[in-house]
Amino acid sequence: MEKNSLVILRVSKVTEYQTDTLYPNKFYRCMKLTEGSVTEYMVYGIVFDEKTFNEMFEYAYDRVMRDWTTLGLIVNGKAVSKTKFKECIDFHVYVTSMRRSRGINLGIIRNHDFIYGFYPRFGETKKETFDNAYKNFVSVSLGEMTSLDNNWIQLGNMGVPLSFGNLSWR
């Protein structure tokens, strides 16, 4: 997925547009539509003219890179080393049952305004989760947006979620 294929609302409140509801800090797929000299954008199945699109949305890549620069994960436009990334990430373990000997690891990187969760594939060890979190981080920093679209990296601001896969925004 290319870096201009996901967008996020510029405003931090729920937005009603035509018959649909758009939520802040949620990633939406975007497709640029061009015919002759007219350019429109389809987001979440809704077609926006260029002016409205630019007022309402920004590319998720731009937002994430700005946030990660603030967190010190991007320096001079490049991803930090795996060692530096390891210093920044904080792991939390979710146990799904008493029988499960190993919990589900969630990597968290945050500041006071936002939080990024790096979610594992089920059954991964902590080391595998870290390796995949770093791999996903680097791929997004290079403009590959699949990890955001698949929710392997999530954005929120409410602290560590009480349930797995539930980073949210208030």
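So here's what we get for this one:
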| read-out | value |
| --- | --- |
| Per-residue ³J(HN,Hα) for the range 114-127, Karplus 6.51 cos²θ - 1.76 cosθ + 1.60, θ = phi - 60°, Hz, x for Gly and Pro | 7, 9, 10, x, 10, 8, x, 7, 5, x, 7, 7, 4, 5 |
| Spatially proximal lysines relative to K82 (Cα-Cα < 19 Å; intrachain offsets below 8 disregarded) | K126, K127, K135 |
| The chain: radius of gyration over Cα atoms, expressed as a fraction of 2.2 N^0.38 Å | 1.12 |
| Efficiency of FRET between R10 and K126 - r from beta-carbon atoms, R0 35 angstrom, step 0.05 | 0.45 |
| Point-to-point label distance, T39-L142, nm (Cα→Cβ direction, 7 Å offset) | 2.7 |
| Residue-wise HN-Hα coupling along the range 72-77, computed from phi with Karplus coefficients 6.51, -1.76, 1.60 (Hz; x: Gly, Pro) | x, 8, 10, 10, 6, x |
| Pairwise label distance in nanometres, I46 with T83, each label 7 Å out on the Cα-Cβ vector | 4.8 |
| Interchain or long-range residues, amide H under 5 Å from F57's placed H | R10 |
| The chain, relative contact order in percent, only Cα pairs under 8 angstrom and at least six apart counted | 19 |
| FRET efficiency estimate (nearest 0.05) - Cβ-Cβ, T70 to N150, R0 30 angstrom | 0.80 |
| Inter-label distance for D20 and N111, nm, one decimal - labels placed 7 Å from Cα along Cα-to-Cβ | 3.1 |
| Reachable lysines from K26, criterion Cα separation under 19 angstrom, eight or more residues apart if same chain | K3, K13 |
| Value of relative contact order over the range 6-58, rounded to a whole percent, pairs C-alpha under 8 Å and six or more apart | 34 |
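We did not get these values from a lab; they are worked out from the coordinates using the rules stated. Note that the coordinates shown come from a computational prediction; the quantities given were computed from them, not determined experimentally. Note that we place each Cβ from the backbone using ideal geometry, even for glycine, and neighbour counts take in every protein chain shown.
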